[in-house]
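All remarks here apply to the structure that follows.
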Amino acid sequence: MDPMLLALVLLLLGICLGALLSGAGYRMELRRMERFLRGREPGGNARLAAGSLPGATALAEAINGELDRSAAAHVRDLRHQQEFQRDLSALSHDIRTPLTGAKGYLQLAAGESDPARRARLLGMASARIDATTELLDQLFAYTKSADPDLSLDLAPVALKPLVEEVLLAHYPAFDELGWEPAVSLGDGTVLVEADRSALFRIVQNLVVNALRHGAGAPKVAYRAGEVEVELVVSNPVAEPAAIDAERLFERFYQANAARGATGSGLGLAVAANLAHAMGAKIAAALSGDELAITLTLPRAQAR
C-alpha cells in the first residue's frame, strides 16, 4: 500500500477512535450530571463537581449558578412568608381590638336603663365597628393594588380639581382639628397622565396620613415641569426620630412599634402600589420635623 495512503488511513482511524473515546467520555460526564441532579436533595447545599472534559466545567458552573439562584430565591420566599405571617398576626390584633371593644360596649348597653347612656354606649360600639370596616376596606384596597394584573385606564387628569375634591371631602376632619391646609395649586390647567380613580385614592391616602399622624396642618403644592409634575403633601410630625422614611410605604408599617396608632399601616402601601401601576413615582423625606411625600406623575397634554 502506498505509504501516503496508509498514513491517511491511520490518521482517519485515529480521528474516529478519538471521537469515539471523546463521545464516550461526554456521555459518562452527562450521566454523572444527570445522576447528581436526580439524586440531589431539594433545597440542599450540594453542588456539582466540575468535570475534566472541555466544556464540561463551564456546564457544571452554569448548573451550579442556577442552583445558587434557586436557593437565593427560596430564601427570599421564606423571608417574605415570615414577614407576611408576622403582618397577618399584627392585622389580626388590629381587627380584634375594636371588635372586642364594640362587643363590650354592646353588652353594657344591653343592661343600661338610662336612654342617654345607652345611646352613648351604642355610639361608641358603632365607632369601633366602623374602624374595623375601614381596616378591612384598606386591606381589600391593598390586595387589589398589589395585583400584578391590575389594569388602569390612563388619561389626562386635571390635578387641581382632583386635589381640591379630596380636601373638601375631609373638611370635617380638618375643622375638628382646627387645621387649615395651605394649598398652592396654580390655576388648574396642569394635566397629568393618570388613572383618575387611582390618583384620587393616592391623594386621599396622603391626606388621611397627614390628618392621622401629623402634628399640624399639611401643605399641598405641586411643581410642574415640562415632562413631570410633582405633587407634594407635607406636614409637621411630633416624633420625627421615630419615623423611618424609607419604610413608610411598606405594608403594615407604623412608626409606633406598639401599633397603638390610628390606622392600618396600609394607606401609604396602597398609594405606592397604585403609583407604580401608573408608572408614577412616590417618595418620602424628612427635613427636621417635617415629613414630605412627593408623588411624581408624567405631564399630559389635552386630547
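The values are calculated or read from the model by the stated rules, or taken from the named source; none is laboratory data. Quick caveat: nothing in here was measured; it's all calculated off a predicted structure. Note that we place each Cβ from the backbone using ideal geometry, even for glycine, and neighbour counts take in every protein chain shown. All accessible areas refer to the heavy atoms of the entire protein, side chains included, with ligands and DNA or RNA removed. Shrake-Rupley method; radii C 1.70, N 1.55, O 1.52, S 1.80 Å.
What net charge is computed for the residues neighbouring Ala272, neighbours being all others with C-beta under 10 Å from the C-beta of Ala272, Lys and Arg scored +1, Asp and Glu -1? List each step's numbers first, then the result.
Details: positive: Arg251, Lys281; negative: Glu250.
Combined, the nearby Lys, Arg, Asp and Glu give +1.
Would you please put 159-172, 185-198, 107-120 in order of how densely packed they are, using the mean number of other Cβ atoms within 10 angstrom per residue and starting with the highest? Walk me through the numbers on the way to the answer.
Working: 159-172: 15.7, 185-198: 17.4, 107-120: 11.7.
Packing proxy ranking, top to bottom: 185-198, 159-172, 107-120.
Roughly how many Å² is the accessible area per residue of the range 108-206, as a whole number, for a 1.4 Å probe? All intermediate terms of the calculation are to be shown ahead of the outcome.
Details: 5660 Å² over 99 residues.
Roughly 57 Å² per residue, with all protein chains present.
Starting from the Cα gyration tensor of the range 103-217, multiply each eigenvalue by 5, take the square root, and state the resulting semi-axes largest first in whole Å.
37, 21, 10
Spelling out what I want: for every residue of the range 192-204, take phi, set θ = phi - 60°, compute 6.51 cos²θ - 1.76 cosθ + 1.60 (Karplus), and round to whole Hz; glycine and proline get x.
For the range 192-204, the Karplus-derived couplings read 10, 8, 7, 8, 4, 5, 5, 5, 4, 5, 4, 4, 4 Hz, x marking Gly and Pro.
Which lysines, if any, have their Cα less than 21 Å from the Cα of Lys219, not counting same-chain residues under 8 positions apart?
Excluding near neighbours in sequence, the set is Lys160, Lys281.
For a bin width of 10 Å, list the pair-distance distribution of the range 156-205 built from all Cα-Cα distances, rounded to whole %.
Calculated over all Cα pairs of the range 156-205, the distribution is 24, 50, 23, 3 percent.
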